[in-house]
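The values are calculated or read from the model by the stated rules, or taken from the named source; none is laboratory data. Predicted model, so just to flag it, every value in this text is computed and none were measured. Glycine gets a Cβ as well: all are built from the backbone with ideal geometry, and neighbour counts include every protein chain shown.
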Amino acid sequence: MADGETAMQSDKIGGVLRGAREAANATLDDISALLKIRSDHLEALENDDFERLPGSVYAIGFIRTYATHLGLNAGELIERYKAAIAVPHLEDQGPNPQTEIEPIPGAVKIAIGVGAVFVVYILWLLAGGAGDDDKNSRFAENKPETVQEAPVNAPVEKPVPRQEPPSPSQTKAEVQATSTPPADAAAETDAGVSGDKVVAVDVTEIAPLPEVTADIAMVEIRAARRTWMRIESAEGRVLFSSIIRQGEGFTLDEQSYTLATRDAGALEFFVNDATVGSVGRRGQILTARKIERASILAKSR
């Protein structure tokens, strides 16, 4: 039996590795750079301080690589290691320590988890919230009906009696007598006109129609194409939050609102069914746009 093998049987694992390294006139840093194993792990092997190693599988891989590099019997040293830590059935195969993998710290795992939750939340917001597509809480179908009142001073149209055509047996004088208006409806003969009488017509003054005021004007936001929209009241109460489709709308009864949408160019302002311009540019994202009913009415004038 060779002298090296005799020394391996009598010495511990660490003494065998250290002796072979010193005989090769190499330092721990030199071996670490060549084998890609941390120097503190090599030092733990040479001191038989196996508790400083990441685990038994890694320790076996370190011993195999280190012993093979120094020209020692790696299998003999691995058997000694198993006997020393009382693991008789430990698998010999482990990861290649040429590229040592450090365990991921707990703080990094927490940061990755928080980042994943944040990304999921952002995607949920962009989707408009769960179930928003099924909500139709308030649309333009609930428009109040406008009742147009008749003018107070409008003239009352009097029915005009229909005159029967003269029969062939009537004379011309009888026809003229029938068509002549009664005396109480005739006016006095004008001095500058011929003797024909002019019937006076009592014309009642017609009052102008009242203008549509700001209180009864219909102000809406309508969708020119499908998009997502959220409207809050001035107090922060959510009035609408859903997908709005082409032709659908929301009636602005209050004076002030806050608007959010993913496509401002897809929304238009309407006053009494007449468009007065779009909310913004195509594809423009709004998160808290203040809209005033009075400003929209001013655009229609």
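Remarks
- Qualifying residues in region 230-258 (those that are among the basic types (Lys, Arg) and surrounded by fewer than 18 Cβ atoms within 10 Å (Cβ to Cβ)) - the one modelled with the lowest pLDDT: ARG237
- The conditions of being at pLDDT 90 or above and either exposed (fewer than 15 other Cβ atoms within 10 Å of the Cβ) or of a type in the set (A, V, I, L, M, F, W, C) (or both) are met by THR27.
- ILE63 vs. criteria within 13 Å of GLY14 (Cα to Cα) and either acidic (Asp, Glu) or modelled with pLDDT of 90 or more (or both): yes
- Assessment of region 110-121 against the conditions (in a loop (DSSP other than H, G, I, E, B) and at pLDDT below 90) yields no matching residue.
- Here the condition is being touching a residue at least 40 places away in the same chain (Cβ under 8 Å), assigned to a helix (DSSP H, G or I) and among the small types (Gly, Ala, Ser); of ALA294, ALA298, it holds for ALA294 alone.
- Test: residue in region 49-60 that is more than 14 Å from ILE13 (Cβ to Cβ), among the small types (Gly, Ala, Ser) and in contact with a Ser or Thr (Cβ under 6 Å, 6 or more places away or on another chain): no
- Counting only helices (runs of 4 or more DSSP H) that fall entirely inside region 18-87 and contain at least 1 residues that are polar (S, T, N, Q) and at negative phi, the qualifying elements are 28-35, 39-46, 56-70.
- Of the candidates THR287, THR227, the single residue that is under 18 Å from the mean Cα position of the chain (by Cα) and modelled with pLDDT of 95 or more is THR227.
- The residue that is surrounded by the fewest Cβ atoms within 10 Å (Cβ to Cβ), counting only those in region 259-275 that are of a type in the set (Gly, Ala, Ser) and farther than 20 Å from TRP124 by Cβ, is ALA274.
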